Amino acid sequence: MGDPSEATYDLAAAGDDAVRLARELVRRDSTNHGGGEGDERAAAEFAAEALTDAGLTPQILEPAHRRSNVVARVPGTDPDAPALLVHAHLDVVPAHTENWSVPPFGGEIADCPVTGAPSLWGRGAVDMKHTVGMVTAVVRHWARTGLRPRRDIVLALVADEEDSAAFGADWLVREHAHLFEGCRVGIGERGGHTVHARTAAGRAVRLYPIAAAERGSAWLTLRARGTAGHGSRPPADNAVGALAAAVARIDAHRWPLHLTPVTRAAIDAVTAALEIERTPGDTDGDDAADALVARLDAAVPLVAPTVRNSATPTMLTAGYKVNVVPGEAVGGVDGRVLPGAEEAFARTMDALTGERVDWEYEHASPPVAAPLDSAVFRAMRSALVAHDPDAHVVPVCLAGGTDAKVFSRLGIDCYGFSPMRLPEGMDYPGLLHGVDERVPLEGLRSGVGVLDTFLRA
Ligand SMILES: [Zn+2]
């Protein structure tokens with residue numbers, strides 16, 4: 001067992017099953033409108049039925065009407081081995097039908113106009129029903145062929161990832177932590193897919209990012225207070241002016257370089273794979289590091305957003321009539337914080353907002369990081385290389401967040417690993433939450449092979 005070249009079982013059938021499952025999942029509209037408005041029930045019931053067919057006993061857990069989560073445990077052969085969590089989300093972001101060239105919940109299969117690859121089209125095809133389909137297909141493949149993983153595998157197909165996780169991972173972790181007993185490591189979304197890049201000499205290289213860290217979210221509310229009054233007699237402490245000045249300072253701020261171990265490892269892996277010549281001190285200081293990162297070709301988006309914190313002003317509210325000075329002005333800032341940079345972030349916000357403006361966390365989830373020097377990381381790398389001998393694995397930090405943050409609270413080291421071999425020219429990140437979201441069928445089939453190898457390692 002464990003050798004992907006072993007011809008005693010038929011992975012192609014599992015690949016077809018993954019395509020069928022992902023397609024049926026896309027057809028079950030599980031739009032999350034935010035603010036508690038969502039409905040994952042139909043997708044959850046379909047997934048649970050597919051797992052029941054594999055001899056498992058999945059539970060459907062609902063913290064609210066039709067906000068459905070599915071959890072199932074696949075028993076391993078070695079009861080002493082720590083369990084592995086595989087989490088994926090069932091909900092999708094809204095799709096505005098009029099912008100799409102196909103019905104977003106039709107589950108159509110048609111060629112991609114960019115790559116020519118036969119693809120499954122629909123909302124959630126990439127984010128992330130393909131993963132639910134792949135993982136479920138692997139488990140069903142084991143049931144058909146009598147294969148068993150060594151360790152217990154806990155599948156968590158959750159609701160509400162696209163909003164606050166309050167009806168999904170957050171609720172499961174708070175109310176049903178026992179379901180994840182024994183899990184030390186987990187895999188979830190973002191990572192394991194192909195990023196096509198080129199060396200300076202023009203040679204094609206296939207990179208495979210694996211997420212090993214995530215920046216934390218720090219969503220802030222800024223509040224300025226001042227004297228209210230008539231617009232013709234401007235007060236010295238106008239709240240609108242104070243808030244506007246603070247927001248302008250935040251917008252203009254250049255956050256200092258903060259290279260975490262994962263981002264350093266990413267730079268090392270990409271420069272090695274792309275044969276980019278390094279010079280001593282090329283990551284010392286903002287200008288040097290930015291210049292180096294700018295040379296990373298197609299890997300720039302994997303690295304550039306994670307070399308420093310960020311704070312993006314996104315909301316402004318003040319006033320109700322043009323000749324009335326309001327007593328308060330309120331702003332919103334989307335902050336993202338690297339592992340180890342939380343204190344620096346808070347200090348900087350104090351300084352940027354100044355004395356006239358208060359700020360507080362509207363929502364904060366801390367950054368997370370998992371070890372790179374771990375058996376699981378090595379197993380992910382080996383599984384990718386087993387199926388693509390030219391794979392160059394790149395550990396990365398994610399600019400934003402996933403449910404990994406929530407599951408980390410249980411002491412689980414979480415990695416982003418949803419493997420897929422993708423054709424050149426496919427704008428994978430651009431399709432996330434995008435119009436005409438689609439995933440190549442060959443990607444699904446390849447992912448089934450990699451997951452089968454990894455999950456039984
Ligand atoms: Zn997602």
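A compact table of results
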read-out: Identity of the residue in the stretch 128-154, under 27 Å from Gly434 (Cα atoms) and more than 12 Å from the ligand (Cβ to nearest atom), that ends up surrounded by the fewest Cβ atoms within 10 Å (Cβ to Cβ); value: Val135
read-out: Unique match (being at pLDDT below 95 and of a type in the set (S, T, N, Q)) among Thr145, Thr136, Thr77, Thr131; value: Thr145
read-out: Strands (runs of 3 or more DSSP E) lying entirely in the stretch 191-253 (those with 3 or more residues that are out of contact with any Lys or Arg (no Cβ under 8 Å at 6 or more places or on another chain)); value: 204-214, 216-225
read-out: Hits in the stretch 58-77 (condition: of a type in the set (Val, Ile, Thr) and assigned to a strand (DSSP E or B)); value: Ile60, Val70, Val71, Val74
read-out: Single residue of Gly186, Gly182, Gly202 found to be small (Gly, Ala, Ser), in contact (Cβ under 8 Å) with a residue 12 or more places away in the chain and out of contact with any Leu (no Cβ under 8 Å at 6 or more places or on another chain); value: Gly182
read-out: Any hit, the stretch 356-366, residues being over 15 Å from the mean Cα position of the chain (by Cα), surrounded by 19 or more Cβ atoms within 10 Å (Cβ to Cβ), in contact (Cβ under 8 Å) with a residue 12 or more places away in the chain and over 23 Å from Asp170 (Cα atoms); value: yes
read-out: Answer from Ala383, Ala375, Ala379, Ala370 - the residue that is closer than 26 Å to Ser164 by Cα, away from the ligand (no atom under 16 Å from the Cβ) and outside the structural domain of Val185 (by TED's automatic domain parsing); value: Ala370
read-out: Conditions (1) in contact with a strand residue (DSSP E or B) (Cβ under 7 Å, 6 or more places away or on another chain); (2) surrounded by 15 or more Cβ atoms within 10 Å (Cβ to Cβ); (3) modelled with pLDDT of 95 or more: number failed by Pro305; value: (1)
read-out: Those residues of the stretch 386-439 which are within 16 Å of the ligand (Cβ to nearest atom), under 30 Å from Glu175 (Cα atoms) and of a type in the set (Gly, Ala, Ser), in sequence order; value: Ala399, Gly400, Gly401, Ala404, Gly416, Ser418
read-out: Looking only at the stretch 175-190, and only at residues there that are away from the ligand (no atom under 16 Å from the Cβ) and in a strand (DSSP E or B), the one that is surrounded by the fewest Cβ atoms within 10 Å (Cβ to Cβ); value: Arg184
read-out: Test: residue in the stretch 15-37 that is assigned to a loop (DSSP other than H, G, I, E, B), in contact with a Gly (Cβ under 8 Å, 6 or more places away or on another chain) and of a type in the set (Val, Ile, Thr); value: no
read-out: Qualifying residue in the stretch 249-258 (condition: under 24 Å from the mean Cα position of the chain (by Cα), assigned by TED's automatic domain parsing to the domain that holds Thr348 and touching a residue at least 60 places away in the same chain (Cβ under 8 Å)); value: yes
read-out: Any hit, the stretch 431-444, residues being in contact with an Asp or Glu (Cβ under 6 Å, 6 or more places away or on another chain) and in the same structural domain as Leu179 (by TED's automatic domain parsing); value: yes
read-out: When residues of the stretch 87-126 are limited to those that are surrounded by fewer than 24 Cβ atoms within 10 Å (Cβ to Cβ) and within 16 Å of the ligand (Cβ to nearest atom), the one farthest from Thr31 (Cα to Cα); value: Ala95
read-out: Sole exception among (1) more than 22 Å from Cys414 (Cβ to Cβ); (2) in contact with a Pro (Cβ under 9 Å, 6 or more places away or on another chain) for Ala242, by number; value: (2)
read-out: Residue identified as in contact with a strand residue (DSSP E or B) (Cβ under 8 Å, 6 or more places away or on another chain), in contact (Cβ under 8 Å) with a residue 24 or more places away in the chain, surrounded by fewer than 19 Cβ atoms within 10 Å (Cβ to Cβ) and of a type in the set (A, V, I, L, M, F, W, C) among Val270, Val240, Val325, Val333; value: Val240
read-out: Residue check, Ala43 within 21 Å of the chain's Cα centre (by Cα), modelled with pLDDT of 95 or more and of a type outside the set (Val, Ile, Thr); value: yes
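Let's see how each residue does on (1) in a strand (DSSP E or B); (2) within 26 Å of Phe180 (Cβ to Cβ); (3) of a type in the set (D, E, K, R):
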{"site": "Gly331", "(1), (2), (3)": "yes, no, no"}
{"site": "Thr348", "(1), (2), (3)": "no, no, no"}
{"site": "Arg378", "(1), (2), (3)": "no, yes, yes"}
{"site": "Val396", "(1), (2), (3)": "yes, yes, no"}
{"site": "Leu410", "(1), (2), (3)": "no, yes, no"}
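The values are calculated or read from the model by the stated rules, or taken from the named source; none is laboratory data. Note that the structure is predicted; figures quoted are calculated from it, not measured. Methodologically, a virtual Cβ is constructed for each residue, glycine included, from the backbone with ideal geometry; neighbour enumeration extends over all protein chains shown.
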